[in-house]
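Taken together, the values in this text are just the output of simple stated rules run on the coordinates, not laboratory data. This is a predicted model, so every value here is computed, not measured. Heads up, the Cβs are rebuilt from the backbone with ideal geometry, glycines too, and the neighbour counts pull from every protein chain shown.
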């Protein structure tokens, strides 16, 4: 019975990680700044007593630019490995964020996310991911939600559309340190209606912040994100460590 | 299931922004950036009301309006302007500064 359950869990994991394996989890903002450029390096890794979930890694390098006050575009290249596999190039992606409403005009700031990911491994499918970006700031508290849908496309597409979410709740304390909590989940293939234990849900503490480099005579800011996510369902790794460094500067 | 999730997302997107539309047009305040300084450098605004800041950059170079107290940052290219909408503020003092010329570009909003 236990073996059967393990086999079932392994299958669920295989399905969950079959898309963009171990992409570094991150929350997208609906706010876009024209002329702002970003270089971002992100990494994550999993740890679990179960070998099927232990030792997955992801590494992303992103270059982004605010083309207008409403459109930020970004190019990303991604390396990763599933547990027990070789670390190798996974995909390149073209990501776009659109700011739909002026910041602060309404209770909720609204944006839209759209990404096309080109799978670079043999027989890997391309993927389109899209969805709204919602953010609300009340006093020093901010909540940002990314409910996204992803659809495999191209010659090697197999999986049905999937729903995933990311939520960050944070306290805007200091520019250099904002503590918060993040939640992430992948519901699996929507058509299958995966059981909760087969879905990948995790949550944990994160910290974000940035420091201006102007005092050092350099342009721009250096930002960071760091956190650890704890799996709350059987399919999720027990721990996922994530980190991101970002250099932000302005062309004008 | 798929349709239900799609419908929920669509509903959320449509209804969320409508939930807090201000009943009346917010008061607007103009701040000018000249020689890397804000004028006026101190603005008194009513607490508990949404306001708009029209920030005009009369310098030739860009400036970034930034405020940790207001949780805002906005790059304003030289010779242009930007509108910054602020949701109702509690009573207090909110500092702002120019990210690119922090030594001279300083200001504050006093909500009372």
Exercise. Between rounded, prolate and oblate, where does the range A:94-138 land on the alpha carbon gyration tensor, with a ≥ b ≥ c its root eigenvalues, rounded for a/c under 1.5, else prolate if a/b exceeds b/c?
Worked result: prolate
For this session: Starting with the fewest neighbours, write out A:89, A:57, B:68 ranked by other beta-carbon atoms found within 10 Å of each beta-carbon.
Result: A:89, B:68, A:57
Exercise. Just from its helices, what would the mean residue ellipticity at 222 nm be for chain A, if runs of 4 or more DSSP H residues each count -39500 (n - 2.57) and the sum is divided by every residue, rounded to the nearest 500 deg cm²/dmol?
Worked result: -2000 deg cm²/dmol
Exercise. Average partner chain C-beta neighbours within 10 Å, per residue of B:74-84?
Worked result: 3
Seminar exercise, completed: In whole µm²/s, the translational diffusion coefficient that Stokes-Einstein assigns to the protein assembly as shown, given a Kirkwood hydrodynamic radius over C-alpha pairs, 20 °C and 1.002 mPa s, equals 98
For this session: May I ask for the Kirkwood hydrodynamic radius of the range A:37-109, worked out over all distinct Cα pairs and given in angstroms to one decimal?
Result: 14.6
Seminar exercise, completed: Computed D for the range B:28-112, Stokes-Einstein, Kirkwood radius over alpha-carbon pairs, 37 °C, 0.692 mPa s, to the nearest µm² per second, is 262
Exercise. What ranking of A:241, A:63 emerges when the number of other C-beta atoms within 10 Å of each C-beta is taken as an exposure proxy, fewest first?
Worked result: A:63, A:241
Exercise. Does the range B:64-112 classify as rounded, prolate or oblate by the C-alpha gyration tensor (a ≥ b ≥ c root eigenvalues; a/c under 1.5 gives rounded; else a/b over b/c gives prolate, otherwise oblate)?
Worked result: oblate
Problem set entry | Test item: B:46-54 mean partner chain Cβ contacts at 10 Å | 1
Exercise. Which of A:168, A:195, A:97 moves the most in a Gaussian network model of chain A with Cα springs under 10 Å?
Worked result: A:195
Problem set entry | Shape of the range A:137-233, Cα gyration tensor, a/c cut at 1.5 | prolate
For this session: Report, to the nearest 10°, how far helix A:2-16 tilts away from the longest principal axis of the Cα atoms in chain A, using its own Cα long axis and a range of 0 to 90°.
Result: 40
Seminar exercise, completed: By the Kirkwood definition, with r running over pairs of different Cα atoms, the range A:45-187 has a hydrodynamic radius in Å of 17.2
Exercise. Among B:35, A:50, which comes first, then next, by fewest other beta-carbon atoms within 10 Å?
Worked result: B:35, A:50
